Structures are given as structure tokens and as C-alpha cells.
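First up is the structure itself, then whatever we jot down about it.
Just so it is clear, none of the values below were taken in a lab; they were calculated from the coordinates. Worth saying up front: this structure is predicted, and the values here are computed from it rather than measured. So basically every Cβ, Gly included, is an ideal-geometry build from the backbone, and we count neighbours across all protein chains shown.
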Amino acid sequence: MMFAFACKLTWSEHETTVNALSAGQAKYQFLLDVRDPYPDTEYTDIRCRKIGPPHTSESFLRNARYRGMPDVRCGDRVRVGEHEGLIAGHNGSANFDVLFTSGPWTGKTLNVHPGEVRLQSGDKCDV
């Protein structure tokens with residue numbers, strides 16, 4: 001099951017929402033994002049708390065409409081080739097971030113072009 005987690009640095013009040021399967025996975029994804037501006041950041045500098053079901057931001061909805069997939073939401077089950085995953089978000093190249101749940105990329109979140117994403121028939125992530 002995918003959940004939304006609020007992650008922040010211990011010395012900041014700003015929280016970022018990360019969709020992930022666990023708090024540890026959310027912290028790691030957040031760490032990858034903040035290491036660019038703050039290269040000395042350690043995993044232990046991050047606090048994370050579960051806030052509910054997968055979060056679909058307005059920015060994600062705009063991206064999905066732009067890509068011709070207006071009904072896609074974070075947490076939707078998808079297939080990419082032969083492998084299954086969950087939509088975790090989007091990125092600056094207007095592609096989807098897919099958290100793979102099967103195949104060689106299990107547990108990894110990868111940038112996937114929407115043309116390669118097939119929605120599973122009506123399946124939503126259970127929460």
C-alpha cells in the first residue's frame with residue numbers, strides 16, 4: 001500500500017509530501033531530492049510522518065492533463081512493459097514517477113514517459 005508522508009529537515013519547518021510504501025522509503029526519496037542543495041545532509045537529519053493516502057497535487061493533475069491522461073492519480077496501479085508499479089508523482093520533464101512493485105526495479109522510483117504507462121483496469125492503491 002502506498003501512503004503520503006510529510007518529510008522535513010530537522011532544522012526546517014518546511015514539509016514536503018512524498019508518496020511511498022514506507023516512512024523509510026519516503027525519507028530516502030526526500031534525501032535524494034535535498035542532497036543537491038544541501039550536500040552534507042544525512043539520513044538522520046530527516047523527520048517523516050504518515051499523513052494518509054497517496055497525495056495527488058494540483059501540479060500533478062495539470063501534468064496528467066497535459067500528457068492526455070486526465071484521470072490518472074497518485075497511487076494508481078500501472079504496468080510498464082511487463083512490470084507493475086504505482087504512480088508516485090511526476091517530474092520536471094512532464095513524465096510520471098513510477099514506484100515499481102515487480103521486476104528488476106522493485107522498490108525503485110523511476111522516471112517513465114506516459115506513453116509507456118498502462119493503467120491497470122480500475123485498480124487503485126488500497127489504503
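Quick one: length gained pulling residue 50 to residue 38 fully straight, 0.36 nm per residue minus the C-alpha distance? Could you put the intermediate results ahead of the total?
Numbers: separation 12, 0.36 × 12 = 4.32 nm, distance 2.38 nm.
Extra length from residue 50 to residue 38 when fully extended: 1.9 nm.
Hey, could you grab the Kirkwood Rh for segment 3-52? Inverse mean 1/r over distinct alpha carbon pairs, Å, one decimal. Provide the component values of the computation, followed by the final result.
Details: mean 1/r = 0.0948 Å⁻¹.
Kirkwood radius, segment 3-52: 10.6 Å.
Rounding to the nearest 10 and keeping the result within 0 to 90°, find how far the Cα-based axis of helix 23-34 lies from the longest principal axis of the chain.
Taking Cα atoms only, the helix is inclined about 80 degrees.
Total Lys pairs in the chain closer than 17 Å by alpha-carbon, pairs eight or more apart in sequence or interchain only? Write down the numbers at each step before the final one.
Details: 8/27; 8/50; 27/50; 27/108.
Count of close lysine pairs: 4.
What's the ranking of 70-77, 38-45, 85-92 by average number of surrounding C-beta atoms within 10 Å, highest first? Don't skip to the answer; put the middle values down first.
Working: 70-77: 18.4, 38-45: 11.2, 85-92: 21.0.
So the peptides 70-77, 38-45, 85-92, ranked by packing, come out 85-92, 70-77, 38-45.
Take the Cα gyration tensor of the chain, multiply each eigenvalue by 5, square-root it, and list the three semi-axes largest first, rounded to whole angstrom. Can you show the working numbers first?
On the way: eigenvalues 124, 44, 39 Å².
Semi-axis lengths for the chain are 25, 15, 14 Å.
Quick one: 3J(HN,Hα) in Hz for segment 108-115, Karplus 6.51/-1.76/1.60 with θ = phi - 60°, rounded, Gly and Pro as x.
Listing the rounded values in order: 9, 9, 10, 6, 10, 5, x, x Hz.
Could you tell me what % of all Cα pairs in segment 58-124 have separations over 17 Å? Please list the in-between numbers first.
Details: 673 of 2211 pairs.
Value for segment 58-124: 30 percent of Cα pairs lie more than 17 Å apart.
Picking from 7, 32, 120, whose Cα lies most toward the positive end of the charge dipole for the chain (charges on Cβ: Lys, Arg +1; Asp, Glu -1)?
After comparing all options, I get 120.
Using modelled amide H (1.01 Å from N, peptide plane; none on Pro or chain starts), what sits under 5 Å from the amide H of residue 84, excluding residues fewer than 5 places away?
101, 102
Efficiency by 1/(1 + (r/R0)^6): what FRET value for residue 113 and residue 1, r their Cβ-Cβ distance, R0 = 25 Å, to the nearest 0.05? Write down the numbers at each step before the final one.
On the way: r = 26 Å, r/R0 = 1.03.
With a Förster radius of 25 Å, E is 0.45.
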